[in-house]
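Here is the structure we will look at.
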Amino acid sequence: MDSNGFFGNWGGAYIPEVLHQTFQELKKEYDRCRKDPAFWQEYLTLMSTYSCRPTPLTYAENLTRHFGGAQIYIKREDLNHTGAHKANNVMGQGLLVKRMGKKRVIAETGAGQHGMATATMAAKFGLDCTIYMGEEDVMRQRPNVFWMEKMGATVVPVTDGSRTLKDAINEAFRDWVTNVDDTHYVFGTACGPAPFPEMVAWFQSIIGIEAAEQIIQYHHKMPKRVYACVGGGSNAMGIFKRFLDEDGIELVGVEAGGHGAESGAHAIRLSSPDASPGVAQGYKTMFLQDDDGQMKLTHSVAAGLDYVGVSPILSDHWENKRVRFESATDTEVMQALDLTMRLEGIIPALESSHAFAGAFREVGQLSKDDAIIINQSGRGDKDIFTIAHAFEDPSWKKFIIDRGREYSNS
Amino acid sequence: MKLEQQLRNKLKEKDILLMTHIVLGYPSLDVNREIIRQMVGNGVDCIEMQIPFSEPMADGPVILKANQDALATGTKVEDCFQFAAEMARTHEIPFLFMTYYNIIFKYGEEAFIKRAAEIGIHGFIIPDLPPEMGKTFLALADKYNLALILIYAPTSTDARMEELDRHANGFIYCVARRGVTGKKSAFDHDFDNYLARCRAATQLPLAVGFGIQSKEDIDALRGKADMAVIGSRTIQLVETEGAEAVGPFIAGLR
């Protein structure tokens, strides 16, 4: 990252003047923490005592046998406290907030995992917490909303625009410019104005650091490929960062293909011609936008990938061809999820299932001596309503109707 | 004539100038035309015309909704240019484009600035383009003799204000408080101190915006600021009472 927050042609800090001073303070504190080994140690201790780190690397024996290609390993970020990699970033920023002496945190959330992680951190550190969430996502992710509220957070449904993640981000910025003195915005992914992309990627790099050690321990050599889903890109950057300088390891980001690249209803920013360079929400990256520069509506079965931009760090790696980008449709994702549940007894989140779908497409072509790692960024329990609906499960539907009837009669 | 000089000429006749804000295409360009006619006819000195953007991060609910509605009814950047050209031809006062950087970036910086200059626009307000990010924009604006209006906020330090002043042109837009557009500001002792810091940091005229809604607010700025900016209030007025209510409202502010 250069001094203006750019990764090659991407990034920067396109922020309203009222936030200038806050960003200066944030950058200063972050730089201080980065250079202080004691801070990282404090972070590691917190994550190992509060969030089940290191998370395991699971050898997926049955999936490996099924595809007959490279050995499949799964990095289990779903086993983090609150069920996703989001905890890594949030607890790191929580330590920063404590140092900066702010009393309140705000966050935006798509799938609800980042909101839930932020609400957890706020409860642990005794901070006031407000979570902005698109109204559409509130409906899709009700279980997470329930938990956020139970942990003391205020969840604000955002009714503007597409009522998804990008609108929640805009609303969180509006809160921040109003309450800048005592509030920290816990940005949820490796996007937004500098230093957020780098800072979030730094906290998430713990994933790749652990995975590299673990794969050497089990497989005795580095993996051939590493797969991660890409919404904003924080879990992808988290696992990729450690492997970026390792020659011969292919890094593959899998975006949300939604109803298909041709349908217009997707969230493919780096592997589709529908996206182009732009500047919004404080940073420069590839956005899904029209010829006038207006952001387009996106679609994905996975709320956490349903985002119009992508990490500027990933845009840089896309441009310099260090990371290959693919996409998986909603249908492929459901098939990959189904197979993983049946063969391994593991329930990946719909977001993570994109990485599985991307890997399953290719793993059979690789040698049995090779290994791949799939980053399972989160667990699928939160998606039970969406998954049961997509599988058209009759007994689940009956359960919902019965429960609804019970409530309406009470 | 450069924007600063135009404002200074007007300040010889008035103790405080008025700048108003409209969102192009909201509720329609026809209504915009009527609103501007009423504004100019009742003594507005400068108008910022907002080219709508899908992600207006610095705007509050009133202007946010106006942006979304303008886009929903199909307002394009090209429509905004054509309308702005007509307004600049029709009325004597300076017009500014207010928008977010992506609109300009996508159009092409030089193409956008060159065309704005050709149609008679005097400058730009771009809330998400601090000078650090706008080096090429600043150079091009200078080349075409247009002003990129820079913004002071209550959170700006004295050093930051001086830094901004080094790049500033036309006038300085002083945001009256933390937050987004459209909410009432308190013009109290802290505000006076802030405005005094603004005045000390620059020789350029000072415009004050965010939360200015009434004659009392403007009276409170007399002698302290050079221009008052009315934003969300006229949009609300058009919604509740129609475009014809804008003229009497503006006339009543003096």
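Listed values, structure above:
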{"read-out": "Lys, Arg +1 and Asp, Glu -1 on Cβ, resulting dipole of the protein assembly as shown about Cα centre, debye, nearest 20", "value": "1040 debye"}
{"read-out": "Farthest toward positive dipole pole in the range B:2-252 [+1 Lys/Arg, -1 Asp/Glu at C-beta], among B:104, B:236, B:206", "value": "B:206"}
{"read-out": "Listed residues A:260, A:378, A:192, most fluctuating in chain A (Gaussian network, C-alpha, under 10 Å)", "value": "A:260"}
{"read-out": "Nearest-20 debye value, the range A:320-361 charge dipole, Cβ charges on Lys, Arg, Asp, Glu", "value": "320 debye"}
{"read-out": "Simple Cβ-charge dipole of the range B:142-245, Lys/Arg +1 and Asp/Glu -1, about Cα centre, in debye nearest 20", "value": "200 debye"}
{"read-out": "Residue order, fewest to most beta carbons within 10 Å, for A:360, A:6", "value": "A:6, A:360"}
{"read-out": "Whole-number percent relative contact order across chain B, with pairs defined as alpha carbons under 8 Å at least 6 apart", "value": "24 percent"}
{"read-out": "Mean Cβ neighbour count within 10 Å, used as a protection proxy, ranking A:399-409, A:18-28, A:228-238 highest first", "value": "A:228-238, A:18-28, A:399-409"}
{"read-out": "Shape of the range A:146-224, Cα gyration tensor, a/c cut at 1.5", "value": "prolate"}
{"read-out": "For the protein assembly as shown, share of DSSP beta bridges that run antiparallel, in % to the nearest 5", "value": "20 percent"}
{"read-out": "Farthest toward positive dipole pole in the protein assembly as shown [+1 Lys/Arg, -1 Asp/Glu at C-beta], among B:32, A:258, A:97", "value": "A:97"}
{"read-out": "Residues A:104, B:233 arranged by fewest to most Cβ contacts within 10 Å", "value": "A:104, B:233"}
{"read-out": "The protein assembly as shown - mean residue ellipticity at 222 nm from DSSP helices (-39,500 (n - 2.57) per run, n ≥ 4, rounded to 500)", "value": "-13500 deg cm²/dmol"}
{"read-out": "Fewest-first ranking of B:239, A:344, using other Cβ atoms within 10 Å as the exposure measure", "value": "B:239, A:344"}
{"read-out": "Dipole-positive endmost among A:70, B:175, B:159 within the protein assembly as shown (Cβ charges, Cα centre)", "value": "B:159"}
{"read-out": "In the range A:95-168, the GluC sites (Glu not before Pro) that fall in loop regions by DSSP, at most 11 other Cβ within 10 Å", "value": "none"}
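Throughout, read-outs are computed from the coordinates displayed, never taken from laboratory work. Note that the structure is predicted; figures quoted are calculated from it, not measured. As a convention, Cβ positions derive from the backbone with ideal geometry for all residues, glycine included, and neighbour counts pool all protein chains shown.
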